[in-house]
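A.B. asks: Below are the structure tokens for one structure; questions will follow.
The values are calculated or read from the model by the stated rules, or taken from the named source; none is laboratory data. Bear in mind that the values here come from a model prediction, so they are computed numbers and not experimental data. Here Cβ is always computed from backbone atoms with ideal geometry, including for glycine, and neighbour counts include all displayed protein chains. Protein only, heavy atoms only, side chains kept; ligands, DNA and RNA dropped before computing areas. Shrake-Rupley method; radii C 1.70, N 1.55, O 1.52, S 1.80 Å.
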Amino acid sequence: MRMVNVIKGDIVFQWKYGFYAIYFLMSIIYLVIFSFFTGDMKDTVISICVYSDPAAMGMFFMGALILLEKSQRVTNSIAISPVTVEEYILGKILSIAIISVIVGSILMSQGNSENYFLSSIGVFAGSIIFSLCGIIVGAKIESLNQYIVWTTPFEIVGFVPVFLYRIG
């Protein structure tokens, strides 16, 4: 029950700071972009966006969450709260993964996915991996500029192979 409350608290925090509005806006932009493509090219663009964007947004939102909570000294209170560090991290990861899967599913609905369930699992796994990378980087840095610089290697390693595979 405590884990559910941690996830719910993270979702409320993300809603309050406009993360869901940004995801909604980005989804609309992607849907408009997808409308300009047809056939195999559309499916390729959608698959690249589905696997890269929800994961990337998860990494950047994770960094924003960590930096925001550091500035508000939320992380200092974990030591005296009943929530363990593991629950805190898992709550962050799962709350970001939930919205990533929702957005990924909306984007997948515009293409010809062979298996929506497996695709959703892929988006979920990608979101978890990149969110963990975001936590690692976010724990070590102090500014958004530093965060962007330090996440670039993770993006290159995570996205270039998928992009190269999809374009053949």
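A.B. asks: Comparing Phe61, Phe117, Phe34, which has the greatest mean-square fluctuation in the GNM of the chain with Cα pairs linked when under 10 Å apart?
C.D. replies: Per the Cα network of the chain with a 10 Å cutoff, Phe117 tops the list.
A.B. asks: For region 30-123, just the Cα atoms, rotate onto the principal axes and tell me the three extents in Å, largest first.
C.D. replies: Result for region 30-123: principal-axis Cα extents of 55, 25, 13 Å.
A.B. asks: Please list Phe159, Phe24 from largest to smallest accessible area, probe radius 1.4 Å, with all protein chains kept in place.
C.D. replies: Working: Phe159 40, Phe24 140 Å².
Reading off the accessible areas and sorting them downward yields Phe24, Phe159.
A.B. asks: Counting only helical runs of four or more DSSP H residues, what would the 222 nm mean residue ellipticity of the chain come to if each run contributes -39,500 (n - 2.57) and the total is spread over all its residues? Please report the intermediate quantities before stating the final value.
C.D. replies: Values: 6 runs with 137 residues, N = 168.
Helix-only estimate at 222 nm: -28500 deg cm²/dmol.
A.B. asks: Here is a further query. How many percent of the alpha carbon pairs in region 91-147 exceed a separation of 17 Å?
C.D. replies: Values: 729 of 1596 pairs.
More than 17 Å apart: 46 percent of the Cα pairs in region 91-147.
A.B. asks: By accessible area of protein heavy atoms, probe 1.4 Å, what ranking do Glu155, Glu114 get, highest first?
C.D. replies: Descending order: Glu114, Glu155.
A.B. asks: How far is it, in nm, from the label point at Lys70 to the one at Ser109 when both lie 7 Å from their Cα along the line to the Cβ?
C.D. replies: Spacing of the two 7 Å Cα→Cβ label points: 3.7 nm.
A.B. asks: Principal axis lengths of the chain from Cα atoms, whole Å, largest first?
C.D. replies: 55, 34, 24
A.B. asks: Return the Rg/Rh value of region 72-167, two decimal places, where both radii are evaluated on C-alpha atoms and Rh is the Kirkwood radius.
C.D. replies: Over the Cα atoms of region 72-167, Rg/Rh equals 1.04.
A.B. asks: Please identify the helices of the chain, taking whole runs of DSSP H, that span at least 24 Å along their own axis as judged from the Cα atoms and have a mean Kyte-Doolittle score of 0.5 or higher. Write down the numbers at each step before the final one.
C.D. replies: Working: long enough: 39-71 (47 Å, 0.77); 85-108 (34 Å, 1.82); 116-140 (36 Å, 1.72); 144-167 (32 Å, 0.95).
Length and hydropathy pass: 39-71, 85-108, 116-140, 144-167.
A.B. asks: Still on this model: Setting aside same-chain residues fewer than 8 positions from Lys42, which aspartates and glutamates have a Cα under 20 Å from its Cα?
C.D. replies: Cα-Cα hits under 20 Å: Asp53, Glu114.
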